[in-house]
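The values are calculated or read from the model by the stated rules, or taken from the named source; none is laboratory data. It should be emphasised that the depicted structure is a prediction, and the values quoted were computed from it without experimental measurement. Cβ placement follows ideal geometry from the backbone for every residue including glycine, while neighbour counts extend to all protein chains displayed. Calculation scope for accessible area: heavy atoms of the full protein, side chains included, ligands and nucleic acids excluded. Shrake-Rupley method; radii C 1.70, N 1.55, O 1.52, S 1.80 Å.
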Amino acid sequence: RLALLPAACRHDAEADPAHLIGGGKRNRHGRRMRDYSHPATQEYLDALFHKLFSPDPGCYDLDGIKSDFLADKVHADMPVHDPNWRGEENYFLQVYKLFYGLMRKYKPDACHVGCAGHPFLAEFIDINRTYDVFSSNPEEHVTRALMLRHTTPGCPVAFDFHMYLENRDAYFRAARDNGCSVQIGNLLGMRQDFAAPWEAADEAYYEMLRRELTQSSS
């Protein structure tokens, strides 16, 4: 069981201004952004992560985090609370360090599934996924896995979702050949290819998943 956290800096939400960069200053894209360098935000996250990962009564005891792609930049004109967090790459390094430390504080063996290729982030990602391949060609996963292994050394790679019947055997075979795990998220539906509509998954589809996942784990 994983908690899915959206992009760490893309928050245009109804947040307390104390948790926002510059008290709610909008960036160049018109977005307000959470200031994870601020003690008020860190205190909020500490309580949230206790709720998510602790085995204490009333908590969820989740197994880890799946973080989303970090798409937005922290430009120089965005006044973060702690100047030691300034700089786009440095800011994300500090965010990952904060998230990972809080998660492991409440669950020492919790897992962070990420999708960021950067050597500084490798220490705070347990599994890197190939992330949203909008194609039924498994070679896209192979190429991205190669990139992740070079840019985030030492971090295991998982093939992200393959949502198509087309090339499904090649997808699982490529994952096995490259020593990668796989993520399965499309349990209720299946698609023939990128252009096809979703259909309800049938017993043959589930049997295929059972067979392929058994082979992958053996």
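A quick yes/no check of all residues on (1) without any contact (Cβ under 8 Å) to a residue 24 or more places away in the chain; (2) over 14 Å from ASP68 (Cα atoms); (3) touching a strand residue (DSSP E or B) at 6+ places or on another chain (Cβ under 6 Å):
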site	(1), (2), (3)
GLY87	yes, yes, no
LEU93	no, yes, no
GLY101	yes, yes, no
TYR106	no, yes, no
ALA110	no, yes, yes
GLY117	no, no, no
ALA122	no, yes, no
ASN128	no, no, yes
SER135	no, yes, no
Just give me the residues in region 148-171 being of a type in the set (A, V, I, L, M, F, W, C) and under 21 Å from the mean Cα position of the chain (by Cα), in sequence order. LEU148, CYS155, VAL157, ALA158, PHE159, PHE161, MET163
For region 89-116: of the residues being assigned to a loop (DSSP other than H, G, I, E, B) and in contact with a helix residue (DSSP H, G or I) (Cβ under 7 Å, 6 or more places away or on another chain), which is surrounded by the most Cβ atoms within 10 Å (Cβ to Cβ)? ALA110
Which of the following residues is basic (Lys, Arg) and in contact with a Leu (Cβ under 8 Å, 6 or more places away or on another chain): LYS97, LYS107? LYS107
What is the residue count in region 29-49 for residues that are closer than 15 Å to TYR100 by Cβ, open to solvent by 20 Å² or more (accessible area, probe 1.4 Å) and either in contact (Cβ under 8 Å) with a residue 12 or more places away in the chain or among the charged types (D, E, K, R) (or both)? 2
Considering only residues that are within 22 Å of SER67 (Cα to Cα) and in contact with a helix residue (DSSP H, G or I) (Cβ under 6 Å, 6 or more places away or on another chain), look in region 160-182 and name the one that is surrounded by the fewest Cβ atoms within 10 Å (Cβ to Cβ). VAL182
Looking at PRO57, PRO119, PRO79, PRO83, can you tell me which residue is at negative phi and modelled with pLDDT of 95 or more? PRO57
Kindly provide the set of residues from region 72-88 that are open to solvent by less than 40 Å² (accessible area, probe 1.4 Å) and charged (D, E, K, R), ordered by number. ASP72
Quick check on this structure: which one of LEU4, LEU70 is under 24 Å from GLY185 (Cα atoms), in contact with a helix residue (DSSP H, G or I) (Cβ under 8 Å, 6 or more places away or on another chain) and at pLDDT below 95? LEU70
Whether any residue in region 54-64 is among the hydrophobic types (A, V, I, L, M, F, W, C), within 21 Å of LEU20 (Cβ to Cβ) and either open to solvent by less than 30 Å² (accessible area, probe 1.4 Å) or in contact with an Asp or Glu (Cβ under 6 Å, 6 or more places away or on another chain) (or both) is what I want to check. no
Out of the residues in region 117-142 that are touching a helix residue (DSSP H, G or I) at 6+ places or on another chain (Cβ under 6 Å) and of a type in the set (Val, Ile, Thr), state the one that is most open to solvent (accessible area, probe 1.4 Å). VAL142
Qualifying position, being of a type in the set (S, T, N, Q) and at pLDDT 95 or above, among ASN186, ASN178: ASN178
Residue count for region 145-159, restricted to those that are part of a helix (DSSP H, G or I) and either touching a strand residue (DSSP E or B) at 6+ places or on another chain (Cβ under 8 Å) or open to solvent by less than 10 Å² (accessible area, probe 1.4 Å) (or both): 3
Any chance you could count how many residues in region 41-64 are among the charged types (D, E, K, R) and either more than 20 Å from the chain's Cα centre (by Cα) or in a helix (DSSP H, G or I) (or both)? 4
